[in-house]
Amino acid sequence: METTMKPHIPFRSSMSAKFIAIILLILIPLITAIIIDREFLLPKITATTNETVEEVTIELKPTSNLQNLVSRASISLNNYVLAGEPRERQEFTRLSKKIDKAFNTGGKHFGLAAEAISFRAAKLEWEQSKTIGHEILNNSAGPNNQSVINKIRRFDRHVNLSIRNLSRVDAITVKEAAKQGSAIKTVISQISDVADTFLFIGLLIAVIIGTVLSRSILKPLKDLEKATVRLSGGNLAYRINNERDDELGRLAQAFNLMAKQLEKSYKLMKTLSTHDQLTGLYNRREFYRRLNEEIKRYRRYGHPFSLMMIDIDLFKSINDNLGHQVGDNALYFIAQSLKEELRPTDHLCRYGGDEFIAILPETQIAGALAFANRTHRSIASSQIDTNDGRLINLTISIGIANFPDNANSVDEIVSAADQALFIAKAAGRNQVRCYKNAA
């Protein structure tokens, strides 16, 4: 079984697709940064912070309480020795039990060896001070007894050492907390570095996107603007160099097509405004424009020219007897015959009806007469088809005038050639006459 392959359709990079791609290029780094921040960095910071706070809280609370209890126990014992109040004795006993319990349970939370060592040292000092305290409580001697005084001193010394060791535990804990805080700052600094990196990447992408936009969107728009200005200024031949296949490319194609149509229409309108539609020769309006230019050229450079007015003999009879189609064929035939005889520098025009007029630059009257006679003979020896199988002969009458010999203005030169033509027709038609011997 034969399989037919689908034709390959090239991907059209549309403006919509480009804008979506641009948005994705901007969003992807930001989304990536957010994911990294939320899934990896923030949980790490939160966990580290919580652990540090929890550890510091757990470790500082029992040692602070112990310092307070030991201080209160020392005060109660000293008050009992000085005042002998039973209430202070009971308070010391109660606080001692509480301190023992705190020392037995408090050492389980320390994570550092230095903390545990200082805590055990504080416990040993407390146990010694507690033993001395009970000896003092069981001694019946008064406060002024030297033995009691010595024991009180020993008791206070051990209490101070216990409190000092507990303070050392606090200092170690605070130092560790500071260390943990430094670690947190390091993590935050790393996050900041990562954020700066993504910010730099984002800015770099923005620059790249700006460049891409400038090349792929802004430049074509500027080219289109430039082309529009050129077109509105009259340069209808201007085209946009376009190799794109997106919306802007299709817009440029539409512009080029529009410009081509405008150029074509303009050329057609210009041709219609300057040429005769039937014969393709210059029309009367264009004749007068070129005649004025030729007179200006003479007055600037002194170059003479001749004017030749041509009329088809008995043309009305052709139209009336053979029809307008044959008449049109006769006009076209005469126009083509005259064009074949003229030089490229000459200007042949249809003056109106069955009349033609030719401007012969750089031509004196003798040269114009030679051209007229040659053309006259060529047409007289030719025939045209009447569309019904018959052939007819055509003849023309020609009047010639020269500038500046016979005239000094536009009206005068046309009038001179017209008078010469009138004389040629009055002489029996099929004649050539010059203005100088028209009479």
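The values are calculated or read from the model by the stated rules, or taken from the named source; none is laboratory data. Predicted, not measured: the structure shown is a model, and the values here were computed from it. All Cβ positions, glycine included, derive from the backbone under ideal geometry; neighbour counts span all protein chains shown.
As a summary of the residue check, Glu286 satisfies the conditions (1) in the same structural domain as Asp328 (by TED's automatic domain parsing); (2) over 30 Å from Ala335 (Cα atoms) except for the one numbered (2). Going by what's in this entry, would Gly399 be described as part of a helix (DSSP H, G or I) and in contact (Cβ under 8 Å) with a residue 60 or more places away in the chain? No, not satisfied. Search the stretch 250-290 for residues being modelled with pLDDT of 85 or more and among the β-branched types (Val, Ile, Thr), and hand back the single one that is farthest from Val414 (Cα to Cα). Selected residue: Thr279. Taking the stated definitions as given, is Gln325 in the same structural domain as Arg289 (by TED's automatic domain parsing), surrounded by fewer than 20 Cβ atoms within 10 Å (Cβ to Cβ) and closer than 24 Å to His275 by Cβ? Yes: the conditions hold for Gln325. Of all residue pairs spaced 6 or more apart or on separate chains, those with beta-carbon atoms under 7 Å, a first member in the stretch 245-266 that is within 15 Å of Ser232 (Cβ to Cβ) and in a helix (DSSP H, G or I) and a second member that is modelled with pLDDT of 85 or more and charged (D, E, K, R) are Ala259/Arg239. Among the residues making up the stretch 392-439, those that are β-branched (Val, Ile, Thr), over 18 Å from Phe371 (Cα atoms) and either modelled with pLDDT of 95 or more or surrounded by 15 or more Cβ atoms within 10 Å (Cβ to Cβ) (or both) are Val410, Ile413, Val414, Ile423.
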